[in-house]
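Step one of this worksheet: look at the structure below.
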Amino acid sequence: MAVKQRRRTLCALLVAVAAAAGPTVEVRTDVQRYYDSMTDICRTGVTPAITAAWVRARQALEAARYGGGRDGVNFAGIKSPVDTWLDCVQSPGDGKQ
């Protein structure tokens with residue numbers, strides 16, 4: 001009887017850990033590609049490649065239903081390239097040189 005209880009507890013624990021694991025590898029990869037594409041946005045401005053990476057990252061997050069307050073995840077989403085570029089332009093020492 002005790003063995004069955006331990007198995008149930010272990011199984012429930014494994015399910016909880018798997019559910020809390022977060023976004024899939026694909027989502028993290030698309031979001032990381034977007035962040036990598038923006039490394040020089042202060043110097044180059046918003047390019048079509050950056051915009052395309054942003055669209056892919058947004059679609060991946062939406063398909064995974066991750067963020068935006070869903071399932072207790074307090075993650076609003078990724079910042080648009082235009083908003084990021086505006087942060088560069090409006091801040092002193094923005095690295096545009």
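In this structure, does Ile78 turn out to be at pLDDT 70 or above, assigned to a loop (DSSP other than H, G, I, E, B), surrounded by 12 or more Cβ atoms within 10 Å (Cβ to Cβ) and out of contact with any Leu (no Cβ under 6 Å at 6 or more places or on another chain)? Here the answer is yes, as Ile78 does meet what is asked.
Once the range 55-72 is narrowed to residues that are surrounded by 14 or more Cβ atoms within 10 Å (Cβ to Cβ) and farther than 11 Å from Tyr34 by Cβ, the residue that is modelled with the lowest pLDDT is Gly67.
The values are calculated or read from the model by the stated rules, or taken from the named source; none is laboratory data. No experiment lies behind these values; they were computed from the predicted model shown. A quick note on method: Cβ atoms are made from the backbone with ideal geometry, for glycine too, and the neighbour counts reach across all protein chains shown.
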